[in-house]
Amino acid sequence: MDWKIYTKGGDKGETALIGGSRVPKYHQRIEAYGTIDELKSYLGLIRDLSEDKEVKSLLFEIQDRLFTTESLIAADSKEAAEKLPKLFEADVEFLEKSIDQMNEKLPELTSFIMPGGHPLASHTHIARTICRRAERITIKAAEKFTIDPLCIKYLNRLSDFLFVLARKFVHELGRKEIIWKPRV
């Protein structure tokens, strides 16, 4: 039997969580993991646009962790979650180590910067804002449903990673950061 991409199960506005319960497609869990899917897809664009093999490898690893995060958020019970891949504190530490390594080669940040400077940096800033939205939605869902706190922590650290990655792109591509100068 051929595997089909469509199941017709969602034609009435519902979808299944991992574990089998059916919920409306606007359910908080669906909003959370759907936004993470948006982020994961956007990171694929950045990975495709980057010429840096190390960055490509980092982003691929992050996309993999985001698949894990999505599945953990989609689990409708502790029993369902136990059968899934896990996030570990080491995944957060991996992001922190990567942030620190990139930061070592960047000038000190003394002011807010305007997103932009190069198309690759701009795309990365957009991914950062998608990540922040995913984090907010996941935090809200966690108020009502059991969600592994590492999912939230990972998203929080990932947005920091993406901010520093955008700065890295600007500097390595020979562009200048635009400092925000508030009108007073």
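Restricting attention to region 144-175, which residues are outside any helix (DSSP H, G or I) and hydroxyl-bearing (S, T, Y)?
Residues of region 144-175 that are outside any helix (DSSP H, G or I), as a first pass: 145-148, 173-175.
If the condition is that a residue be outside any helix (DSSP H, G or I) and hydroxyl-bearing (S, T, Y), then T146 is the only one that fits.
Here is a list of conditions, (1) in contact (Cβ under 8 Å) with a residue 40 or more places away in the chain; (2) among the basic types (K, R); (3) closer than 14 Å to A32 by Cα, and R157 meets all of them except one; can you say which number that is?
(3)
A short reminder: the numbers here are calculations on the coordinates, not readings from a lab. Every value quoted in this text rests on a predicted model; they were computed, and no experiment measured them. Using ideal geometry, Cβ is built from the backbone for each residue, glycine included, and neighbour counts are taken over all protein chains shown.
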